[in-house]
């Protein structure tokens, strides 16, 4: 599939830049220094989250690219998406999925910083065979020279998107009220711009959706779904509590789309750029839909354990940290009976019978 | 996960709750903002047994009436537990009880032992002692240093009982065994506005039947915030229900409600319309003060939610259906509503999450639902909260039916009604004039749905009668059917809608009762007023519909040819306004809530046989229906003069 016209017009590129800026600014406005401290409070959760975000996700993305036999530019794009840090929307989804919001925020924070180191390494590692294929393709067409992953540019773009985050954090430190307004406004603007971009992209390139091979769709949908699924199972395997399982699952599947846009726009040239961008747009669209359904599902299955968690937390809040909530025998299901977050807090020791 | 306990009587309920829920907190009292003291189900039962034994030692007999005068606090429920466990019944009232009521109730119920919450209340009762021949002992909840043989602190009674039980005293258990389902568990005196209070006799079977039929699911993971007076049956039934479900009740107060909502994060609450009014006001004020961007977001979210919810209400047949609607029309319209739902849903999803959730958090984010009772919830507020996603379940009941007759549930949430009638309960709609049953009656189309009449109830929750008021009881309950005195209808989707009262008592929004007749009588004595009807059910204040007396007006020198002339005559209005102000005043012995804030002159006289009965009594509901618009507009704008 070839792009005969440019996917984005200059005006769209400006809008996209504005969107990236405002979303990252909003992300910063929602963060405090305390959030970085929270990272230290959940070392186990963060570690498992780290493993699934930078271990599982890039591997799945690579696997999909190989398994679906994707054209090199798309393959590189999906691997790029797989290597991204978590996005702020995952915090909102974690909240509604009755997951641990604190862990979700901590994971987003940690992964955004870790991405500076991890992304270049992972990209280098997973994209090797695709870059050489792409170089061969370009030389065959007689247009380009050797294609290499622009590692320096990627790091530069990552740092660039962290600037508005820092600005947002600065605002938050100055005025909480303004930060809240900025956060909401940014979220609202982000939605409007993305709806506009998708709308115009579809309107201008009406044939594009039909032309796009089915593998591309499968890749765009599945990379998120695999993240949800294995993020959940991995944290379950390590016997984390259900609220952490749900948070890690969503955090793994939901990547920071705006960073992908920024990197693609700033580091890659045509004709590769449009193809990569198209996959990123598809991923961003489908991830909202899939994570909505996953959230609704988690919300339902997590109702009971979350209510117990909540009730126990409030008992400790009001009756003191030493208070132990003794639920009747057989009330707690086996799965969460000895879960530290579900019937007693870490400071308490329950005698096992 | 539901595991509510349905016991044979209150005493068994306390016992089984202790066995089943053990160390879980049952009640919690606020000491500081983040320091609360829990009492477990087991502890409550054990202390209840001690108190019961202490009471038996003081001479409390089985089925004796024990006074319980005080408001929400742990000692209240402990006292209730003690009284139930020794097989007696309590006679509850709040601290705001008047001296006259105290004397009447203590003497009428032949109370020998009474609990009083505060020192002040105890001193008031002591000062009335000469008028209270039966009263022997007062037991205090609060610490005070004026104890003697007949004035004890609750802990003294408890420790007496505790020592006796340590020596093997098991009289409380024997009393518990002997309780009959038909024995009274409480005798609640309702404050009549005219005449004397009436003692409503509620049995163990009455209250336990409610545990079976309350259609709200609660479990040990829920938290209930208690703000309404516990001696009122509406809050009381929830207190009993929370024990049945193993839920912890947290006592709050108006002063600390805001903080407590935030800290306790209740999942359920019994509430009164007033609470929702003030919350509604607070939310809107907050929205108005916020950044324009946030205002826009809120209004968009509210609009979308309205579209989303009303589409669903249509599709699932949950709209208020007073009139019969054709099936065909519904089927034809359904695709449009379905389409609207599909279009709105994704946007609603986003805005619900991003904008409405923070609003819900400000109202205590964990609330699954709340039941509003004790008065009608204004439609606008009802809709507001349901649209922003806090389901307010309006219920209907009365002390005489311990109390629930009907309540909306999540599944049967039809705004504008009080939901379907609860299980095991029958409701009849009876024609007021002829006394014939309108619903259910197969001779009427749709079995009589949509016809208005008086609501009669039959079921296990109906009281045993009014204490020592045989005649009144027989008048109120006939063949097991209790006449509620309320006007209502069954809608076409089987919900009960309350339309007003057939009895003339007006209940204001604030919960104050007033009888319109004395005011009307006073007003019609004026030469300027021919007829007059007081309205104001569920409003903030009362208003009057007035038919002016033409001769009287002419006598004052105002030239009016007919009633239509008088209505538009400003001189006449001014004169009547002055007359009302003069007649219905605090000076003339009327209470503040009885003052008329606004009035409307009617252009037509009341006619015999239409608006008036053959005995010249006003048919209130007919007049109310005829002048519904006038009444509405009277309460719409601010009061225009008479103060």
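The values are calculated or read from the model by the stated rules, or taken from the named source; none is laboratory data. All values reported here derive from a predicted model rather than from experimental measurement. With ideal geometry, Cβ positions are generated from the backbone for all residues, glycine too; neighbour counts draw on all protein chains shown.
Residues that are farther than 30 Å from residue B:265 by Cβ and more than 15 Å from the chain's Cα centre (by Cα): does segment A:243-253 have at least one?
Within segment A:243-253 (the criterion being farther than 30 Å from residue B:265 by Cβ and more than 15 Å from the chain's Cα centre (by Cα)), the answer is no, since none of the residues qualifies.
Examine segment B:244-262 for a residue that is surrounded by fewer than 22 Cβ atoms within 10 Å (Cβ to Cβ), within 11 Å of chain A (Cβ to nearest Cβ) and touching a helix residue (DSSP H, G or I) at 6+ places or on another chain (Cβ under 8 Å), and state whether such a residue exists.
no
Rundown of residues vs (1) surrounded by fewer than 22 Cβ atoms within 10 Å (Cβ to Cβ); (2) touching a residue at least 24 places away in the same chain (Cβ under 8 Å), yes/no style:
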| residue | (1), (2) |
| --- | --- |
| A:272 | yes, yes |
| A:278 | no, yes |
| A:304 | yes, yes |
| A:330 | yes, no |
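For every residue, the table says whether it meets (1) outside the structural domain of residue B:606 (by TED's automatic domain parsing); (2) farther than 20 Å from residue B:233 by Cβ; (3) under 25 Å from the mean Cα position of the chain (by Cα); (4) exposed (fewer than 15 other Cβ atoms within 10 Å of the Cβ).
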| position | (1), (2), (3), (4) |
| --- | --- |
| B:436 | yes, yes, no, yes |
| B:457 | yes, no, yes, no |
| B:463 | yes, no, yes, no |
| B:476 | yes, no, yes, no |
| B:489 | yes, yes, yes, no |
| B:516 | no, yes, yes, no |
| B:523 | no, yes, no, no |
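I'd like to check which helices (runs of 4 or more DSSP H) are fully inside segment B:1-91 and have at least 2 residues that are closer than 30 Å to residue A:303 by Cβ and within 14 Å of another protein chain (Cβ to nearest Cβ).
B:10-21, B:41-58
Does residue B:361 satisfy the criteria of being under 29 Å from the mean Cα position of the chain (by Cα) and away from every other protein chain (no Cβ under 14 Å)?
No; evaluated as a whole, the condition is false for this residue.
Can you pull out the residues in segment B:379-415 that are surrounded by fewer than 19 Cβ atoms within 10 Å (Cβ to Cβ), assigned to a loop (DSSP other than H, G, I, E, B) and touching a helix residue (DSSP H, G or I) at 6+ places or on another chain (Cβ under 6 Å)?
B:389, the sole residue that qualifies.
Just the residues that are at pLDDT below 90 and closer than 14 Å to residue B:28 by Cα, please, taken from segment B:221-251.
Answer for segment B:221-251, where residues must be at pLDDT below 90 and closer than 14 Å to residue B:28 by Cα: just B:227.
Look at residue B:226 and say whether it is surrounded by 22 or more Cβ atoms within 10 Å (Cβ to Cβ) and either within 30 Å of residue A:304 (Cα to Cα) or outside the structural domain of residue B:422 (by TED's automatic domain parsing) (or both).
For residue B:226, the condition - surrounded by 22 or more Cβ atoms within 10 Å (Cβ to Cβ) and either within 30 Å of residue A:304 (Cα to Cα) or outside the structural domain of residue B:422 (by TED's automatic domain parsing) (or both) - is met.
State all residues of segment A:96-106 that are at pLDDT 85 or above and within 13 Å of chain B (Cβ to nearest Cβ); if no residue qualifies, say none.
Hits for segment A:96-106 are A:96, A:97, A:98.
For segment A:311-323, give me the residue count where each residue is more than 7 Å from chain B (Cβ to nearest Cβ), surrounded by fewer than 19 Cβ atoms within 10 Å (Cβ to Cβ) and either part of a helix (DSSP H, G or I) or at pLDDT below 85 (or both).
4
Filter segment B:499-528 for residues that are assigned to a strand (DSSP E or B) and farther than 17 Å from residue B:623 by Cα; which is modelled with the lowest pLDDT?
The extreme case among them is B:513.
Go through the residues of segment A:69-90 one by one and say whether even a single one is within 14 Å of chain B (Cβ to nearest Cβ), modelled with pLDDT under 90, part of a helix (DSSP H, G or I) and closer than 22 Å to residue A:238 by Cα.
The answer is yes; a qualifying residue exists.
Show me the helices (runs of 4 or more DSSP H) found entirely inside segment A:169-255 where at least 1 residues are surrounded by fewer than 19 Cβ atoms within 10 Å (Cβ to Cβ), within 14 Å of chain B (Cβ to nearest Cβ) and touching a residue at least 40 places away in the same chain (Cβ under 8 Å).
So the answer is A:176-204.
If you check residue A:131 against the conditions, is it at pLDDT 80 or above, away from every other protein chain (no Cβ under 14 Å) and farther than 24 Å from residue A:17 by Cα?
Yes; evaluated as a whole, the condition is true for this residue.
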